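The structure appears below as structure tokens.
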Amino acid sequence: MAILFFDEADVLFSKRTEIKESNDKYSNMEIAFLLQKMEEYEGVGILATNYLQNFDSAFRRRISDIIDFPLPDEKLRRQMWQSMIPSKLPVSDELDFDFLAKQFEISGCMIKNALIYASFLAAEASEPLLTMKQILKRLSHELEKSGKKLSPGEYG
């Protein structure tokens, strides 16, 4: 009566490789063993990944359902930008949620992280007020973590 949950499952269920070194042999043996054990398991297994393409094809054939969670659309991103701001934090009138939602096709997690750290910047300021500059600064940091570097023009 247990559910097995594998976060970042692509690491464990990755494609087997050509054997070039002894490590490759053992890695392939581990993948084969895990495949066998997953085949024997009669319960529910949930595998979470951002890299389904990295899964070994033998695992993919044995997955009964794949649920894709796409990035939120512009309307939902706007709601996220607005609803994730702490209620007790004063905000500047200059905040442009329409711009943020339209300009940046990002996940809810990135929105949350940008707002958390922008809120810290606001709290440290002489006048604690959440500004567009603080949000864009932290959003820039979030985008850089995922390998995206935007030009100043893209920030409006």
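Readers should treat all values here as calculations from the given coordinates under stated rules, not as data from a laboratory. Please read all numbers here as calculations on a predicted model, not as lab measurements. Because the Cβ atoms are built from the backbone with ideal geometry, glycine has one as well, and the counts that use them run over all protein chains shown.
In the structure displayed, which of K20/K148; K20/K145; K112/K149; K112/K133; K88/K137 lie more than 23 Å apart, Cα to Cα? Write down the numbers at each step before the final one.
Numbers: K20/K148 34 Å; K20/K145 32 Å; K112/K149 19 Å; K112/K133 16 Å; K88/K137 21 Å.
Violating the 23 Å Cα-Cα cut-off are K20/K148; K20/K145.
Under a point-charge model restricted to the Cβ atoms of Lys and Arg (+1) and Asp and Glu (-1), what is the dipole moment magnitude of region 3-62 relative to its Cα centre, in debye to the nearest 20? Don't skip to the answer; put the middle values down first.
On the way: 8 positive and 11 negative charges, 44 e Å.
Dipole size: approximately 200 debye.
Hey, which aspartates and glutamates would be in cross-link range of K102, C-alpha to C-alpha under 14 Å, not counting anything within fewer than 8 residues on its own chain?
Excluding near neighbours in sequence, the set is D73, E74, E154.
Over the chain, what is the relative contact order in percent, taking alpha-carbon pairs closer than 8 angstrom and at least six residues apart?
Values: 150 pairs, mean separation 30.5, N = 156.
After rounding, I find 20 percent.
Mind putting a number on the dipole of the chain about its Cα centre? Charges go on the C-beta only, +1 for Lys and Arg and -1 for Asp and Glu, and I need it in Debye to the nearest 20. Before the final figure, lay out the partial values.
Values: 20 positive and 25 negative charges, 29 e Å.
My answer is approximately 140 debye.
If you place +1 on the Cβ of every Lys and Arg and -1 on the Cβ of every Asp and Glu, how big does the dipole about the Cα centre of region 74-155 come out, in debye to the nearest 20? It would help to have the intermediate numbers written out before the result.
Working: 12 positive and 11 negative charges, 62 e Å.
Dipole of region 74-155, to the nearest 20 debye: 300 debye.
In the Gaussian network model of the chain, springs joining C-alpha atoms below 10 Å, which of E94, E40, E74 carries the largest mean-square fluctuation?
Maximum fluctuation in the GNM of the chain, among the listed residues, is at E40.
Label-point separation (nm) for V44 and L129, each offset 7 Å from Cα along Cα-to-Cβ?
4.9
Put +1 on the Cβ of each Lys and Arg and -1 on the Cβ of each Asp and Glu in the chain; which of P90, Y41, I135 then has its Cα farthest toward the positive end of the dipole?
I135
According to the square roots a ≥ b ≥ c of the eigenvalues of the Cα gyration tensor, what is the shape class of region 16-146, taking rounded for a/c under 1.5, prolate for a/b larger than b/c otherwise, and oblate for the remainder? Present the calculation step by step, with values, prior to reporting the outcome.
Details: a/c = 3.34, a/b = 2.54, b/c = 1.32.
In terms of gyration-tensor shape, prolate.
Using a simple spin-label model with points 7 Å from Cα along the Cα→Cβ vector, what separation in nm is obtained for Q53 and E154?
A separation of 1.9 nm, rounded to one decimal place.
Between L34 and C109, what's the calculated FRET efficiency when r is the beta-carbon distance and R0 is 22 Å? Round to 0.05.
Values: r = 28 Å, r/R0 = 1.26.
Approximately 0.20, to the nearest 0.05.
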